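Only one structure is covered here, and it is reproduced in the block below.
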Amino acid sequence: MNDFGKLILGLSLLLPASAPAQEIRPGAPLEREIAAGAAQTYTLPLEGHRFARLAVKQRDVDVVVAVYGQDGSLLTEANKPGEQWVEESIPLLADAPETFRVEVRALPGGADPGHYEIGLEEIRDPRPEDAPRIAAERDEAAADRLSQKRTKESFQQALQTYHSALERWRVLGDEPRQAEVLYQTGYVRRFVGDPTGALEDLGQALDLQKKEGDRAGQAATLNQIGLVHWSQGQTEKARADFEAALALRRETGPPALAGPILNNLGLLHYSAGRLRDALAVFEQAREIFQRAGDRPRESATLDNLGSVHTALGEPLAALGFHEQVLALALATKDPGAQANVLNNLGLIQHQIGDLKGALERYTQAVSLFHQVGDPRREALALNNLGRLYADLGESRQAVETFQTALALSRKAGARSAEAAALLNLGRADSEAGRTREAQDGFERALAIRREAGDRPAEIQVLNSLGLHERRNGQPAEALKVLEQALRIATELGDRPNEMAVRQSLGLAQAAVRDNAAALASFSRARELAQEVHDPAAEAAALQELARVELARGDPQAALARVEPALQIIESLRGQLAADRLRTSYFASRRDAYDLAIEALMSLQASHPEAGYDARAFQVAERARARGLLDLLREGKVEIHAGADAQLLERERALRIEIRAKSERESRLQSEKAPQDQIDEARKEVEALLSDYELVDGRLRAASPRYADLTRPPEVKLADVQRLLGPDTALLEISLGTPRSWAWLVTGDSLSSFELPEQAAITEMAKRAYAALSAPASRETPREDVAELGRVLLAPALDRLEGRRLAVVAGGALQYIPFAALPDPRTGEPLVESREVVNLPSAEVLAELRRSAAGRRQPSLDLAVLADPVFNAGDPRLAQAHKASPAPAMKIAALSPDLERSARDVGSAGFERLAWTRREAEEIAAQAGSRRVLTALDFEASRETATGPAVAGARVVHFATHGFLNSETPELSGLVLSMVDRNGNPTDGFLRLHEVYDLSLAADLVVLSGCRTALGKEVKGEGLLGLTRGFLYAEASRVMASLWPVRDRATAELMRRFYRGLLSDGLPPAAALRAAQRSLRRDPRWRDPFYWAPFILQGDWLAAPR
C-alpha cells in the first residue's frame, strides 16, 4: 500500500518553448496557462550590481524552473518538494548588466492545462549576505534534484548536499531555512531505512517550526514523524502524530493538503484491522485528490482502496482498482508507484490462482523497488515472492528469498517486513521439522505484530503457530491457538484470514478424530474460498474433506470431493509456463491424486465389476511425469514462432550468460577454489537459471498453441493396452498412505493388487539398493533384494505369461533395477526370464512413438565419444605436438579399474578413464561397415557432442564421467575434453540444460558413466536428470546407470551389449538382457553390482538399423 510523506516526480529534460520569450518586468507578474509537459520561456534583464528574487506561484500544476546565464550555461534549477503547494523562489545576482533566460516546464500529474504566476518578488542593490544565501539556496535546490531521482546513490548524494546547505543556513542564522532542510534530510533518512536519524532530524525541524510559529510546517513534519513511528511498529504514536498533523492542516489549508495525511491515517486503520474505517478515510482522501486534479495521489489512494478490498475478501473489486493504478503509474513513468501496484496485483493474482501472473508481478516489483532504493517495500515484495515459491513447492528458493527479505528489512529498520520474513521462515522451519527454530521465529513475529497493533497480521502468525503445534503432535494446543485466531478474524470481518484459520482448525480437529467438527470447518473454509475467489484454497479444502470422508468410511463421498479438487489443480498447473515451476507445483499437489486413487480402489473392493480399478489406474497415469510429457509435446510445436523479438534476444543472452557462469563454477571446482567463491558462483548460475525460466515461460505463454499442450486429453486404459501389444505387460506402482497400489496391464486385461504403505516399501527399497550398489564380499544371497522382489513381484508373476515387463514406479523404486529382483518362484533374477524396461509413464511411451514416427532419417549409424582429455597434465597433450604417430596404448598400465563418476559437482578434478577407449574401439569394431564416428581424446569434446554429426546419429554412445547436482538438476551433465590440442582450457561440461537444446535423430542414447540414470527426485515427476533431457532431445530410449560403475566391468558389458545390438540385430531391450545374462555367467562379474546397474528407459520396439 502507499504511504504519503511526499510524492516526488522524476525530472524531464527542459526543452525551449516554441513561443517567443516574454520579458519579466518588476511589478508586473504574469499569469500563465500551461499544458502538461509543455515548456515556456522568458527573459529577465538585470542592470549591473543588482539582486533580484524570481518567484513562481504554482496554482494547480507542479513546475520546474530553470535559469540560464547570458552565455547559455545553467545557473540553477528549482523544483521544491511539495508539488504545486509550494512556491518556487530563485535568487539572482548580476555583477554586470545581464539578461537571464528563464524556462518553466509543467510536470505531469496536475491539472491539464495548469496555471501559475511568475514575477519578480524583490529587486534591489546587493547586500553582503546575498552571495552566501544564494550559495545555500543553490545547494538546497541541487539536493532537491538529487532526492527526486530516488535512487540509492542519489539519496546519499542528496544528504551530503543538504548538509552543506544546512551549515550555510546555520552560519547565516536563518532558522526557518534550517527547519526546511532538516525536514528534507529527515524524509530522505526515512526513505533509505534510517529511522533513528530521521527522527533526530525531524525532531529538530519541529522544534524550530514551533519556535517560529510555522503551523503548516509543523503539520508536514508531524506527518513524517508519524510515518517513521509507524515503520518502527509504534502505531499509537503514529496515530497521534497523524491526527495532530491533520488538525493543523485543516486549520492552515488549503484543503487538498489534508489528503496525504488522511491517506496515512487510512493505512494505520488498515494495519490495525479496522478495514471499514480504512475504506471511509481512503474515500475522503480520494475525493480530495480527485477534486484537486492530483492524479498521482489519486492513483495511490485507489491502490490503497484496492488493498482494503483484497483484505475484505473482494479480490475482483480490488483488481479493478489496481489495474487503474497501473495504467496511471505507467503513464507518469514513476517506477516506485509501478512497483507498489505490481506487488499488489501480484497478491491478487496469487490469491485467485493466476500463479504465472503473480510470479511476473512480484519479480518486477522486487526489481523496481531495488532500483528506486526502497528496501522496506523490496523486503515486503520479496516476502510475497517467497510465499509463491513455497506454494509452488520450491522450498529451497523460498527460504533463500525469505532470508534475503529478513536481512534487508532489518537493515532498513522495517519492522513489518521483518515480522513477515520471520513468519515465513518459521513456516519453512516447521515444515522441515526444525521445531525450536520455528517456535522462535513465530514468537518473535507475534511480538512485533502485537507491538504494532497489526491484528490481521497477528491472525496469520497465530494460524501458523497452530499448524506448527498440530504438526508436532499437540493438536489440543493447536486448537486453543487457532480458536484465538478465529475470534480475531470474525471480529474484524477478515474473510481471507478466517478461511485460512478454518482450514487449519479442520486439520487439528481431524487430528483428534473429531470428524464432524473437521467436516464443518473444511466446508466453511471452502465456502469462504469461493467467496474470496481463491481456487488454490478451495482445492485444499476439498482435498481435506475427501480425507475426512475416507476416514469415516465413505469413499463415494470422498471421490465427490476430490474430483473437483483435481480439476482446480489441473487448471492452476496449466497457467504456469516455466517447466520447473509447473513441475514443482504439481509435485506439491500430488496428495490429491493419491486420495482419488485410494477412494477409487476402496470402491473397487466393494464393487469389483464397476471398473473403479481402471479409473484408479487412469488417475495414477494422469499424475505421472506430466512435466516430461509437456516437454515432449512442446518439442513438436514451434513455441517461439512470432514471439517478441526483445524476449527472444533476452533468452539468447541468458543462455550465453548461463554457459559462461557455469563454466566458471566448474573451473573453481576443479581448481579447488575456496568454498565461498564456489558458493557465490553457484548462486549466480541459479539466479540466471531462474531469470531464464521466467523469460522462457513468457515466450511459451504467448504461444497460442501452448495452452493445449499443458491440458492433454485424459489417459484411457484401452489406449495403453494398444501400446503394449500382446508381448508386453505394464506394472505400474503408486506408493501411498495408508497403503500402496499396483496395476498389471496387458493387451487384454487389467488386474490390481494392494501393496504395503509407502514408508515400508521405501525402507525395503533403500536396503535393496544398498545391497545391489556395492560388490558382495562373497557369493551370498541378498535377502533384502529377495524381500523386495517377493513384495512387488509375487502378486503379478503368474499373470505375466512370459511377457516383457515394462515398469512404471516412483519414489525409492526408481533406484531399483527390476531385472535384478529375484523371481520368488525360482530365486533367479527376473532378467533370466524376460526383458525389463522402465518408463516414466505409459503416456510418455505413446509420445515417444509419435515422435519417432516423424523423426528425420539419420545421416550416421553410430557416434561414440570416449576417453576425453581432462587436464593439461595428460600425456596425450605432449603426444599431440609430436610428428610421429602415437604408440599403441597399454590400457591396464594407464588406468586402474576406476569408477566413471565425478561424484557430484562438488568434486575437484577428473581421473582419466582409459578403459573407455577400448570400449569405444570394440563398439566401433562391432559396427562393421556401418557409418561410424569415433571421437576420442580431444575430439571427445562438447563441440562434437553438440555438433551435426552426433545430432544425425542413430545411436549415440557417451563413455565418460557423469556428474550429478541433486539440488539444481539443470547443472548435472557429462564431462568431456576440458583442454584442446594446444593445452588451452575449454568448456568440457555438457550440462542438462544444454542437452534439452539438442535435436537428435537417435533411436538410442547410451550414457556409459556413473549414476547417469539418477537426478533430482520430484514427487510424481520422477528423477530429473540426463535421461529426461535426452528423451526430450528426441531419443526414443536411453540406457543409463543407477549407481557408480567400474570402468572394466562397464567396458565388458558394453562390448556384449553392442554385439547383440549390431552383430545379432537384437532390439535394445533384448540386447541389454542378453549382455547382462552373459556377464552374469562370467565368475568375475556374477555379482549384480557389475551386471545390473544399467537400465533401459523408453520404447522397447524398433531396433536401430
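The values are calculated or read from the model by the stated rules, or taken from the named source; none is laboratory data. Just so it is clear, the structure is predicted and the values come from calculations on it, not from any experiment. In this analysis, Cβ positions are derived from the backbone assuming ideal geometry, glycine residues included, and neighbour counts consider all displayed protein chains.
Here are the numbers for this structure:
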quantity: Criterion (surrounded by fewer than 21 Cβ atoms within 10 Å (Cβ to Cβ) and not hydroxyl-bearing (Ser, Thr, Tyr)) met by exactly one of ARG1084, ARG1028; calculated: ARG1084
quantity: Number of the condition not met by PHE1057 [criteria: (1) out of contact with any strand residue (DSSP E or B) (no Cβ under 6 Å at 6 or more places or on another chain); (2) surrounded by fewer than 21 Cβ atoms within 10 Å (Cβ to Cβ)]; calculated: (2)
quantity: Test: residue in segment 304-320 that is more than 23 Å from LEU388 (Cα to Cα) and out of contact with any Ser or Thr (no Cβ under 6 Å at 6 or more places or on another chain); calculated: yes
quantity: Residues located in segment 528-556, provided they are crowded, with 17+ Cβ neighbours inside 10 Å and farther than 24 Å from GLY353 by Cα; calculated: VAL548, GLU549, LEU550, PRO555
quantity: Pairs where the first residue, in segment 356-382, is under 27 Å from PRO195 (Cα atoms) and the second is β-branched (Val, Ile, Thr), C-beta under 7 Å, 6+ apart; calculated: VAL372/THR151; GLY373/THR151; GLY373/VAL192; GLU378/VAL366; ALA381/VAL366; LEU382/VAL366; LEU382/THR401; LEU382/THR404
quantity: Among residues of segment 308-336, those that are at pLDDT below 85 and either among the hydrophobic types (A, V, I, L, M, F, W, C) or touching a His at 6+ places or on another chain (Cβ under 6 Å) (or both), counted; calculated: 15
quantity: Output for segment 476-517, where each listed residue is crowded, with 21+ Cβ neighbours inside 10 Å and over 25 Å from PRO535 (Cα atoms); calculated: ALA478, LEU479, VAL481
quantity: Those residues of segment 357-381 which are more than 27 Å from LEU146 (Cα to Cα) and either aliphatic (A, V, I, L, M) or not in a helix (DSSP H, G or I) (or both), in sequence order; calculated: ALA358, LEU359
quantity: Identity of the residue in segment 943-967, buried (at least 22 other Cβ atoms within 10 Å of the Cβ) and either β-branched (Val, Ile, Thr) or in a helix (DSSP H, G or I) (or both), that ends up modelled with the lowest pLDDT; calculated: THR960
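Conditions tested, residue by residue: (1) surrounded by fewer than 20 Cβ atoms within 10 Å (Cβ to Cβ); (2) under 21 Å from ARG849 (Cα atoms).
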residue: PRO726; (1), (2): yes, yes
residue: LEU730; (1), (2): no, yes
residue: TRP743; (1), (2): no, no
residue: ALA759; (1), (2): yes, no
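Let's see how each residue does on (1) within 24 Å of GLN232 (Cα to Cα); (2) acidic (Asp, Glu); (3) crowded, with 24+ Cβ neighbours inside 10 Å; (4) modelled with pLDDT of 90 or more:
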{"site": "ARG410", "(1), (2), (3), (4)": "yes, no, no, yes"}
{"site": "LEU423", "(1), (2), (3), (4)": "yes, no, yes, yes"}
{"site": "SER430", "(1), (2), (3), (4)": "no, no, no, yes"}
{"site": "ARG434", "(1), (2), (3), (4)": "no, no, no, yes"}
